[in-house]
Amino acid sequence: MMGPARIETDEESTTRMPFTLEGKTALVTGAGRGIGRAIAKRLVDAGASVMVNDLDEMMLLESEAVLAQPRRVRHITGDLTEASIPEMVVHATLSEFGAIDIIVNNAGYSWDNVIQKTTDEQFQAMLEIHLVTPFRILRAASTYIRESAKKEIAASQRVMRKVVNITSIAGTDGNPGQVGYSAGKAGIIGMTKTLAKEWGRYNVNVNAVGFGLIGTRLVQPLTDAGAKMQMHGHDIRLGVQPSLLDSVKSACPLGRLGTPEEAAGAVLFFCSPLSDYVTGEVLICGGGLHF
Ligand SMILES: NC(=O)c1ccc[n+]([C@@H]2O[C@H](COP(=O)([O-])OP(=O)(O)OC[C@H]3O[C@@H](n4cnc5c(N)ncnc54)[C@H](O)[C@@H]3O)[C@@H](O)[C@H]2O)c1
């Protein structure tokens with residue numbers, strides 16, 4: 001006689017996944033903290049091996065400890081805006097794991113001001129990290145991706161690979177005070193759509209996730225004592241105007257900031273087989289908020 005069916009707890013039903021990423025290798029940039037670390041965690045939890053990159057070695061080591069899978073996680077420290085680093089990061093992933101199946105271009109920061117106060121250096125810096133860096137990473141990975149896909153296709157196998165580029169509602173909607181940041185984040189959408197067309201024949205899904213306001217150091221209230229980042233000899237203040245944070249709570253249909261884990265959930269969709277027939281798209285993960 002059969003006993004009564006066991007009812008799953010809420011936690012079991014939300015963590016059980018309808019797919020596995022076992023055997024897949026991912027590269028996640030900017031994974032020393034914030035959304036990048038949460039993305040790496042989602043990927044590791046789904047079974048993938050992950051190379052994490054950041055310019056901040058201390059935070060990267062902390063991420064490795066949090067990910068807690070020493071055999072499936074490696075790190076490579078480096079400032080991706082130095083021209084040779086993107087290629088080095090791709091090669092390190094290939095030499096450590098022998099493959100790259102998933103690339104998440106997440107590393108980023110904001111260096112904000114209105115246009116009349118934005119220097120050439122500041123504007124270029126935003127294009128370098130949000131646009132030139134993903135371009136260099138994807139170009140460096142292209143030989144491996146094309147050659148692997150050609151062999152798989154010749155063997156009648158369809159192996160899907162995944163690129164997820166991180167953008168922002170500042171890129172899709174524009175945002176005052178972010179002329180460089182929003183230009184970079186809009187540009188990456190053009191790259192996403194073009195590569196979706198170039199790499200469809202190689203079975204690569206190329207998509208973008210655009211965030212609204214997610215609770216990381218990038219959206220802390222901007223104060224002199226708040227978070228700062230050292231880049232190329234500049235102390236860059238990170239954060240947003242406190243008034244913007246207040247207005248977001250009323251303008252956002254969900255009435256709150258998102259968490260890094262929620263942000264990583266949208267990225268995981270594009271890294272998983274659930275999105276195998278989606279390419280060239282931008283998914284906004286912002287609680288319904290638009291600027
Ligand atoms: N937090 C938000 O509300 C929000 C909204 C829209 C888009 N985004 C985007 O999400 C991504 C992640 O942001 P976050 O909120 O987690 O920020 P974060 O500051 O918490 O984390 C970003 C990480 O990227 C790293 N990084 C920055 N420049 C780098 C470089 N040149 N080389 C290597 N690593 C570098 C930083 O050291 C940091 O650890 C960024 O692309 C950001 O623009 C965030």
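The values are calculated or read from the model by the stated rules, or taken from the named source; none is laboratory data. All of these numbers come straight from a predicted model, not from anything done at the bench. Note: ideal-geometry Cβ built from the backbone for every residue, glycine included; neighbour counts use all protein chains shown.
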- request: Go through the range 188-211 and give me each residue that's within 16 Å of the chain's Cα centre (by Cα) and aliphatic (A, V, I, L, M).
  value: ILE188, ILE189, MET191, VAL206, ALA208, VAL209
query: Does ILE188 qualify as being assigned to a helix (DSSP H, G or I), within 14 Å of the ligand (Cβ to nearest atom) and either modelled with pLDDT under 95 or within 24 Å of GLY32 (Cα to Cα) (or both)?
result: yes
- prompt: Where residues in the range 16-59 are near the ligand (Cβ under 9 Å from one of its atoms) and in a loop (DSSP other than H, G, I, E, B), which of them is surrounded by the fewest Cβ atoms within 10 Å (Cβ to Cβ)?
  reply: ASP56
- prompt: Taking SER156 and the conditions (1) small (Gly, Ala, Ser); (2) in a loop (DSSP other than H, G, I, E, B); (3) within 16 Å of the ligand (Cβ to nearest atom), which numbered condition does it fall short on, given that it satisfies the others?
  reply: (3)
query: Of all the residues that make up the range 206-223, how many are near the ligand (Cβ under 7 Å from one of its atoms), in a loop (DSSP other than H, G, I, E, B) and surrounded by fewer than 16 Cβ atoms within 10 Å (Cβ to Cβ)?
result: 0
field: Residue count, the range 258-286 (criterion: within 13 Å of the ligand (Cβ to nearest atom) and either touching a residue at least 60 places away in the same chain (Cβ under 8 Å) or of a type in the set (S, T, N, Q) (or both))
entry: 11
message: For the range 60-117, which positions are touching a Ser or Thr at 6+ places or on another chain (Cβ under 8 Å), away from the ligand (no atom under 15 Å from the Cβ), in a loop (DSSP other than H, G, I, E, B) and of a type in the set (A, V, I, L, M, F, W, C)?
response: ALA99, ILE100
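Conditions tested, residue by residue: (1) within 27 Å of LEU27 (Cβ to Cβ); (2) crowded, with 18+ Cβ neighbours inside 10 Å.
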residue	(1), (2)
LYS151	yes, no
ILE169	yes, yes
GLY174	no, no
MET191	yes, yes
LYS197	yes, no
ALA227	yes, no
SER247	no, no
CYS252	no, yes
- prompt: Among the numbered criteria (1) assigned to a helix (DSSP H, G or I); (2) within 12 Å of the ligand (Cβ to nearest atom); (3) within 27 Å of GLU198 (Cα to Cα), which single criterion is violated by LEU138?
  reply: (2)
statement: So, first residue on the phi > 0 side of the Ramachandran plot in the range 27-48, second residue of a type in the set (Gly, Ala, Ser), Cβ within less than 7 Å, six or more apart or across chains; the pairs are GLY30/GLY36; GLY30/ALA107; GLY30/GLY108
- prompt: Can you tell me how many residues in the range 226-235 are more than 10 Å from the ligand (Cβ to nearest atom), touching a helix residue (DSSP H, G or I) at 6+ places or on another chain (Cβ under 9 Å) and modelled with pLDDT of 90 or more?
  reply: 1
query: Only one of (1) touching a residue at least 24 places away in the same chain (Cβ under 8 Å); (2) more than 21 Å from ASP235 (Cβ to Cβ) fails for LEU80. Which number is that?
result: (2)
